[in-house]
Amino acid sequence: MLMKGKKGVILGVANNKSIAYGIAKACAQQGAQIAFTYLNEALQKRVEPIAAEFGSDNLVYPCDVSKPEEIKALKESLERDLGQIDFIVHSIAFAPKEGLSGRFYDISREAFDIAMDISVYSLIEVVRELKPLLSDNSSVLTLTYYGGAKYIPNYNLMGIAKAALEMTTKYLAEDLGKDGIRVNAISAGPIKTLAAAGIGDFRFMLKWNEAHSPLKKNVTIDEVGNSGMYLLSDLSSAVTGEIHYVDGGFNIMGMPAVEFVDG
Ligand SMILES: NC(=O)c1ccc[n+]([C@@H]2O[C@H](COP(=O)([O-])OP(=O)(O)OC[C@H]3O[C@@H](n4cnc5c(N)ncnc54)[C@H](O)[C@@H]3O)[C@@H](O)[C@H]2O)c1
Ligand SMILES: Cc1c(CN(C)C(=O)CCc2cnc3c(c2)CCC(=O)N3)oc2ccccc12
């Protein structure tokens, strides 16, 4: 039971297809007690039954990270209901639609500010506000994507945000290491979740990743969940500031091996 006696909060469950749901399942299976947050009332109806599935009926809280007062209220609620916590999962991202298609250089200042606020600054603010509750052996995990390291068609503004999120992971790791708080990111391969819905050519993305990854497969939320649980557990006690790829090895590829037909 790698997470026995550990308590934490997971931000970013929308439904049972969410990557955060995969992480919750893996952590609960290893004995963790988990609190959940939801963005709005529409999602509350999806998250409450999921929390109940993990015996966390009374550990469900609203938290729209664009509202500082909701992050402060979350800290108060967690302090009241859990006291100390050992992990935080930040599985949140958003960019206005215009940021995920069309010409990159057409991105507006408004879209840029929203994407950076929700997808990057929210990690800093959540960790800072919840820090008083974090034990001196705790772990923070966020989710990133390869489009933050290399160009991926149409990922555009979210690529800029993920590049910033990955450096934020490292600067937070340095700043919080002295307090016994580890900060890491999982860079997951493409997965068909709500956040992937409405993305043009996503089916093509999945096919391309499956064909050109060493493992010749797409990844699942359970596989990301297992690796996330490792980073939240004591097994990764010397790991911090790390971007851990869970993508079938796609990120190591320069050029796919092709059999040249002679002549
Ligand atoms: N699906 C993929 O292909 C993929 C791959 C790599 C990384 N990721 C990352 O994984 C994380 C989770 O995404 P997902 O794919 O599980 O999709 P998802 O839609 O299930 O999760 C995204 C979550 O972000 C939440 N959110 C958005 N704006 C918010 C706000 N203002 N306040 C609070 N919560 C807010 C949504 O409510 C939702 O729960 C994201 O950071 C995403 O960038 C996704
Ligand atoms: C992979 C992949 C994803 C999934 N992924 C890694 C993501 O990070 C998606 C995050 C996301 C952020 N903001 C929004 C949306 C999704 C869709 C709805 C919306 O209005 N805004 O998105 C892509 C967009 C283009 C190309 C590839 C991808």
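Every number here is computed from the coordinates shown, using simple stated rules; none is lab data. All figures in this text were calculated on a predicted structure; none of them were measured in a lab. Virtual Cβ from ideal backbone geometry, glycine too; neighbours counted across all protein chains shown.
Dividing the Cα radius of gyration of region 141-196 by its Kirkwood radius returns 1.05 for Rg/Rh. Sort largest first and round to whole Å: the equivalent ellipsoid semi-axes of region 1-62, each the square root of five times a Cα gyration tensor eigenvalue. Semi-axes (√(5λ), whole Å): 19, 11, 9.
Here the chain is treated as a Stokes sphere of Kirkwood radius computed over C-alpha pairs; at 37 °C and 0.692 mPa s its diffusion coefficient rounds to 174 µm²/s. With a sphere of radius 13 Å drawn around the Cβ of ILE88, what net charge do the other residues whose Cβ falls strictly inside it have (Lys, Arg +1; Asp, Glu -1)? Around ILE88, the surrounding residues sum to +3.
Rounded to the nearest whole Hz, the Karplus-based 3J(HN,Hα) values (6.51 cos²θ - 1.76 cosθ + 1.60, θ = phi - 60°) of region 175-180 follow the sequence 5, 9, x, 5, 9, x, with x at glycine and proline. Once you divide the Cα radius of gyration of region 55-186 by 2.2 N^0.38 Å, the number left is 1.13.
Taking the centroid of alpha carbons for each part, region 109-143 and region 1-73 are 16 Å apart. Residues considered: ILE181, ILE199, ILE252. Largest GNM mean-square fluctuation over the chain, using C-alpha springs under 10 Å, is found at ILE252. Computed from backbone phi with θ = phi - 60° and the Karplus coefficients 6.51, -1.76 and 1.60, the 3J(HN,Hα) list for region 237-247 is 5, 10, 10, 8, x, 9, 9, 9, 7, 10, 9 Hz; x is used for glycine and proline. Mean-square fluctuations from a GNM of the chain, with a 10 angstrom spring cutoff on Cα atoms, peak among ASN40, ASN154, ASN218 at ASN40.
Partners of LYS178 within straight-line reach, counting lysines whose Cα lies under 17 Å from its Cα and excluding those fewer than 8 residues away in the same chain: LYS131, LYS170.
Across the cross-link table entries LYS6/LYS217; LYS45/LYS75; LYS192/LYS216; LYS97/LYS162; LYS72/LYS192, which are compared at the Cα atoms, the separations over 25 Å belong to LYS6/LYS217; LYS72/LYS192.
Working note: Karplus 6.51/-1.76/1.60 with θ = phi - 60° gives region 96-103 the couplings x, 3, 4, x, 10, 6, x, 7 Hz, where Gly and Pro are set to x.
Here's how it looks for HIS244: its modeled amide H is under 5 Å from those of ALA185, ILE186, SER187, which are all 5 or more places away or on a different chain.
Each of SER108, SER119, SER135, SER56 was scored by other Cβ atoms within 10 Å of its Cβ. Arranged with the fewest first, they read SER108, SER135, SER56, SER119. Cα convex hull of region 110-176: mean projected area in nm², to one decimal? Its average projected convex-hull area is 4.8 nm².
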